[in-house]
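This report concerns only the one structure given below.
The values are calculated or read from the model by the stated rules, or taken from the named source; none is laboratory data. Keep in mind that this is a model prediction, so the values were computed, not measured. Neighbour counts run over all protein chains shown; Cβ positions are idealised from the backbone, glycine included. Note: areas computed on protein heavy atoms with side chains; ligands, DNA, RNA excluded. Shrake-Rupley method; radii C 1.70, N 1.55, O 1.52, S 1.80 Å.
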Amino acid sequence: MKKMSGKKTSLACSVCGSRNYSKKVNEGSRTERLEIKKFCKYCNQHTLHRETK
């Protein structure tokens with residue numbers, strides 16, 4: 001049986017704008033972008049990372 005593959009998106013730091021992480025997400029019925037607090041190696045602190053296309 002085949003599994004449904006998710007779409008790969010990048011997560012960009014909201015402070016410096018660097019794209020540090022990538023994540024697989026379901027395309028389903030999502031309307032808003034993913035926001036996760038993660039560590040940014042360029043800012044050297046935990047910042048909010050938002051989904052980019």
Relative contact order (percent) for the chain, with alpha-carbon contacts under 8 angstrom and 6 or more residues of separation?
-> 39 percent
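For the ranges 12-23, 37-48, what's the packing order if you count other beta-carbon atoms within 10 Å of each residue, average per peptide, and put the highest first?
Working: 12-23: 14.3, 37-48: 12.3.
Averaged packing, sorted descending, gives the order 12-23, 37-48.
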Computed over the chain, protein heavy atoms only, probe 1.4 angstrom, the accessible area per residue in square angstrom equals 86 Å²
Tell me the GluC sites (Glu not before Pro) within the chain that lie in a loop according to DSSP and have at most 16 other beta-carbon atoms within 10 Å.
-> E27, E32
Which percent of the accessible heavy-atom area of the chain goes to carbon and sulfur, probe 1.4 angstrom?
-> 47 percent
Along the principal axes of its C-alpha atoms, what lengths does the chain span, in descending order and rounded to whole Å?
-> 43, 22, 15
